[in-house]
1. Principal axes first, then extents: for the Cα atoms of the range 139-184, list largest minus smallest coordinate on each axis, whole Å, largest first.
2. In a shell of Cβ-Cβ distance under 15 Å around SER181, excluding SER181 itself, what net charge do Lys and Arg (+1) and Asp and Glu (-1) give?
3. What's the extension gain from TYR111 to LYS84 if we count 0.36 nm per residue and subtract their Cα-Cα distance?
4. Please state the charge dipole magnitude for the range 112-178, taken about the Cα centre, from unit charges on C-beta atoms (+1 on K and R, -1 on D and E), reported in debye and rounded to the nearest 20.
5. Can you count the Lys pairs in the range 120-254 whose Cα atoms are under 16 Å apart, with each pair 8 or more apart or on different chains?
6. For labels at LYS171 and ASN235 in the simple 7 Å Cα→Cβ model, what's the distance in nm?
Amino acid sequence: MRLLLLTILLLLSCAQGVDSFGIKGLLSSLHPRKIIDGFNVAIVGKNKYENKTFRQDFRIENDNKIYSDKLDFFSTLATLGRSKKELWDESLASYYNEFLTVAEEHGIEIYDESLKRMYSMRFVDSFSSENTSNYTALCIRTNFQFQENAITKKDSIYRMEILRSKYELFKSKFSEDYETSGAASYNYLWKRIVYHELMHCLLHLGHLPKEDKYRDDIMYPSYSMNIPLTKREWNKMLKRNFSKSLIEQMEYVK
Ligand SMILES: [Zn+2]
């Protein structure tokens, strides 16, 4: 089935030209599970973000050095203090695992390849990527090159950084019984923020258009810190977030 899908996508991309690959018409006929396959496998087009000066909560870094092997890249990353695999924070891992389950429940399959590229989720005192102090969290993709059997190969990793001070602020407002009380809670607002970054880092999807009708959606570019969510609102938000019609409206990050 995957091969068939790929063939269809390739045919379409040939017919329409690489840069103007029309995904929207195609998506409408697919099951949500296939949408993500499509995004991961066959999306081509200009990267909308790399050359823009306005700020986004995700960054694409291109590391131009050719590393002697993959390990060389990871050791350099650690040496420079940018990240280490061991820095993956346990309390964030639970959000990550829950996200995978929830995505699956909503019919979205996340590629193993994407999971492997997710390198770390951690709290930081300041972001390792330029001045982005207004943000709560950031998804950083690093593209790198390495040698393998005398061939230069390319790969990328994704890192999520969360500003510790912002987290502490939220945490002080968390409630123990948020899952049962039915009251609006900051626990759900916080989940919204972490899920937003996971959408960038694991599904490689960008933001929804900055239109009022998307204001209450996970992939809207901003959120209000003073509006906690009820369980009911959160579940509604999740259902919309993973729906085909909303995913079609999200920008894609090549
Ligand atoms: Zn974002």
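Only the coordinates and a few stated rules stand behind these numbers; no lab work does. Being a predicted model, the structure only gives us computed values, none of them experimental. Because the Cβ atoms are built from the backbone with ideal geometry, glycine has one as well, and the counts that use them run over all protein chains shown.
1. Largest to smallest, the principal-axis extents are 59, 24, 12 Å.
2. In short, -1.
3. 7.5 nm
4. 120
5. 12
6. The modelled label-to-label distance comes out at 2.9 nm.
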